[in-house]
Structure formats: structure tokens, C-alpha cells
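To keep things clear, I will list the structure first and then write my remarks on it.
The values are calculated or read from the model by the stated rules, or taken from the named source; none is laboratory data. Nothing here was measured: the structure is a model prediction, and the numbers come from that model. Methodologically, a virtual Cβ is constructed for each residue, glycine included, from the backbone with ideal geometry; neighbour enumeration extends over all protein chains shown. For the accessible areas, the whole protein counts, side chains as well, though only heavy atoms, and no ligand, DNA or RNA atoms are used. Shrake-Rupley method; radii C 1.70, N 1.55, O 1.52, S 1.80 Å.
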Amino acid sequence: MAHLKAAQNQLVESEKLAALGRLVAGVAHEVNTPLGIAVTANSVIKEAVSRLNTAFEQQTLTSQQYTEWMQQITDGTGMLENNLNRAARLIRDFKQAAVNSALYKPWMRS
């Protein structure tokens, strides 16, 4: 009977670890999406600023280029801000869910 109880406990622990692994993978995926968009937006901004500075230094900057590149910078900073805020909200929500889960399920704290 003790051997059966030990096997049952080991199975429960294995299931807990498997569930935790699935949860962590899901959280990583959810947070990775807005962070990936933010990294891409940052690259677009850096490239537009570089082109803008180069054209300005070489005195070849046209008003059309200026308008186009400033729009890219504006759009990129908007995407950057939105997706960083989205990532922050996701992390805050996941933290709150973990706190709520621990409060209502004392067995999860062990």
C-alpha cells in the first residue's frame, strides 16, 4: 500500500510539473509576441533615423523624405509603446493570476 501511495504521489508531482511546463510555454508565447513586434518597430525606427541623419548631414534631405521618414518613426514609436504596454499588462495579469491561484488553492504553495 505504501508503494502504491508513493507511486500516486510521484504521478501527481509529474502532472504538476507537466502543467507548469505548459503554463510557462503559454506565457512565454503570449509575452514573446508583443516583444517581437516591439523589437521590429525599434529596428524600423533606428533605420529611419539613420537615413534621416545621413540625408541631413549630406544636405540631400528632401521634404518628401523628411515627411516619409518622420511618419515611419511616428508609426514605429506608436507600435513600440503599444506592444511594450501589452507585454507589461500580460505580465501583470499573469502575476495576479498566480497570486489569486495561490490564495484560493493553498495546496499550490507547497
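Against the condition open to solvent by less than 90 Å² (accessible area, probe 1.4 Å) and without any contact (Cβ under 8 Å) to a residue 40 or more places away in the chain, how does ASN32 come out, does it pass? Steps first, please.
Details: open to solvent by less than 90 Å² (accessible area, probe 1.4 Å): no; without any contact (Cβ under 8 Å) to a residue 40 or more places away in the chain: yes.
Judged against the criteria, ASN32 is not a match.
One residue stands out among those in segment 35-64 that are over 10 Å from the mean Cα position of the chain (by Cα) and among the small types (Gly, Ala, Ser): the one that is most open to solvent (accessible area, probe 1.4 Å), which is SER63.
Which is loosely packed, with under 14 Cβ neighbours inside 10 Å, free of Cβ contacts under 8 Å to residues at least 60 places away in the same chain and not basic (Lys, Arg), of THR67, THR77?
Working: THR77 fails: loosely packed, with under 14 Cβ neighbours inside 10 Å.
Exactly one residue qualifies, and that residue is THR67.
Within segment 40-59, identify whether any single residue is over 27 Å from ASN83 (Cα atoms) and not in a helix (DSSP H, G or I), and answer yes or no. Taking every residue of segment 40-59 in turn, at least one turns out to be over 27 Å from ASN83 (Cα atoms) and not in a helix (DSSP H, G or I).
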